[in-house]
Each structure stands twice: as C-alpha cells, then as structure tokens.
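Trainee: Dumping the structure here so I can ask a few things about it.
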Amino acid sequence: MATSTIRTVVPCGIKKVWDTVTAVNQYSWRSDLSRTEILNEAQFIEYTKSGYPTTFTTTVWEPCRRWEFRMENSNMEGIWIGTFAQIAEGTELTFTEHVTARKFFLKPFVKFYLKKQQAQFVADLKSALSR
C-alpha cells in the first residue's frame with residue numbers, strides 16, 4: 001500500500017473551500033476530469049479526460065471538517081481522507097490517500113502518481129478559489 005499526504009493553506013473561508021471540494025457535480029475547475037456521475041447520496045463516479053472511471057463511496061461526512069471515501073477502479077483501490085480547518089490565514093487542508101495497486105506492475109509507480117495527482121488537485125483548487 002502506498003500513502004501520500006499533501007498539506008496546504010488556501011486564503012479563503014472554510015465554507016467556500018468545503019463547498020468547492022465537495023460539489024461533485026460542479027467539477028469544471030478540475031483539469032483532470034471530463035465528467036462526473038452521481039449514483040446516490042454516498043456514491044459518485046469521476047471520469048478522467050480519457051474517459052477512465054473511478055468510483056467513490058463516502059464513508060465519513062463531517063461538514064467543513066472531514067470527508068472520507070473509498071475509491072476504486074480497475075487499477076487501484078484505497079481510501080482518501082480530507083480534513084479542513086479554519087486558521088487565521090484561511091483554510092488549512094490535509095489530503096491523505098492510502099492506495100493499493102491491483103496490478104503488480106503498477107506498484108512501483110503508485111506513490112509518484114498519487115503525489116502528482118494531489119499536486120494537480122491543489123493547484124486546480126487554488127486557481128478556482130482565486131477567481
């Protein structure tokens with residue numbers, strides 16, 4: 001299992017940050033997605049620009065504090081934990097992913113891929129919030 005954590009501060013109120021991150025159907029700020037599909041209150045699917053689906057199932061929902069979900073596709077499975085904290089400078093975010101590759105040949109690349117994805121997510125989020 002590979003684990004990757006990214007911490008950042010965005011100069012924005014926690015409610016706006018929470019609403020942006022958790023509004024699954026409003027994904028246009030995400031540079032890596034082509035669309036999303038909401039299955040029910042707890043599940044959704046994100047599709048990459050190339051159409052590759054990943055299913056997410058919410059396991060913890062504490063508004064403006066914590067969001068956790070299981071994620072899976074044909075290449076991996078794991079959990080994502082996002083914590084949100086209001087601080088003087090704005091909102092402090094900590095996103096942690098624990099992922100297991102389903103294909104042996106992908107295992108050496110999982111941590112690198114997670115770091116890259118997390119950095120892109122944070123960059124996209126900061127850009128969206130600065131508009």
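Trainee: When you look at Glu77, is it free of Cβ contacts under 8 Å to residues at least 40 places away in the same chain, under 23 Å from Ile14 (Cβ atoms) and not hydrophobic (A, V, I, L, M, F, W, C), yes or no? Talk me through it step by step, then tell me what you get.
Mentor: Working: free of Cβ contacts under 8 Å to residues at least 40 places away in the same chain: yes; under 23 Å from Ile14 (Cβ atoms): no; not hydrophobic (A, V, I, L, M, F, W, C): yes.
The answer is no for Glu77.
Trainee: Here is a further query. Would you be able to say whether some residue in the range 92-103 is more than 24 Å from Glu41 (Cα to Cα) and in contact with an Asp or Glu (Cβ under 7 Å, 6 or more places away or on another chain)?
Mentor: Yes: the range 92-103 contains one or more residues that are more than 24 Å from Glu41 (Cα to Cα) and in contact with an Asp or Glu (Cβ under 7 Å, 6 or more places away or on another chain).
Trainee: What pairs come out if I take residues in the range 48-61 that are closer than 18 Å to Thr100 by Cβ and pair them with residues that are open to solvent by less than 60 Å² (accessible area, probe 1.4 Å) and among the charged types (D, E, K, R) whose C-beta lies under 7 Å away, six or more apart or interchain?
Mentor: Pairs found: Thr54/Glu46; Phe56/Glu46; Thr59/Glu68.
Trainee: Checking the conditions here, which among Thr91, Thr83 is touching a helix residue (DSSP H, G or I) at 6+ places or on another chain (Cβ under 9 Å) and either open to solvent by less than 50 Å² (accessible area, probe 1.4 Å) or not β-branched (Val, Ile, Thr) (or both)?
Mentor: Exactly one of Thr91, Thr83 is touching a helix residue (DSSP H, G or I) at 6+ places or on another chain (Cβ under 9 Å) and either open to solvent by less than 50 Å² (accessible area, probe 1.4 Å) or not β-branched (Val, Ile, Thr) (or both), namely Thr91.
Trainee: A follow-up question, please. Can you run down the residue pairs with Cβ atoms below 6 Å, 6 or more apart or on separate chains, where the first is in the range 116-131 and open to solvent by 50 Å² or more (accessible area, probe 1.4 Å) and the partner is at pLDDT 95 or above and among the hydrophobic types (A, V, I, L, M, F, W, C)?
Mentor: Lys126/Val10
Trainee: I would also like to ask the following. Taking the condition of being in contact (Cβ under 8 Å) with a residue 60 or more places away in the chain and either on the phi > 0 side of the Ramachandran plot or more than 13 Å from the chain's Cα centre (by Cα) (or both), how many residues in the range 1-31 meet it?
Mentor: 11
Trainee: I need the full set of residues from the range 4-25 which are loosely packed, with under 13 Cβ neighbours inside 10 Å and closer than 30 Å to Ala101 by Cβ, in order please.
Mentor: Those that are loosely packed, with under 13 Cβ neighbours inside 10 Å and closer than 30 Å to Ala101 by Cβ: Arg7, Ala23, Asn25.
The values are calculated or read from the model by the stated rules, or taken from the named source; none is laboratory data. Please read all numbers here as calculations on a predicted model, not as lab measurements. Every residue, glycine as well, gets a Cβ built from its backbone with ideal geometry; the counts of neighbours run over all protein chains shown. Ligands, DNA and RNA are stripped out before the accessible areas are found, and what is left, the full protein with its side chains, is counted by its heavy atoms. Shrake-Rupley method; radii C 1.70, N 1.55, O 1.52, S 1.80 Å.
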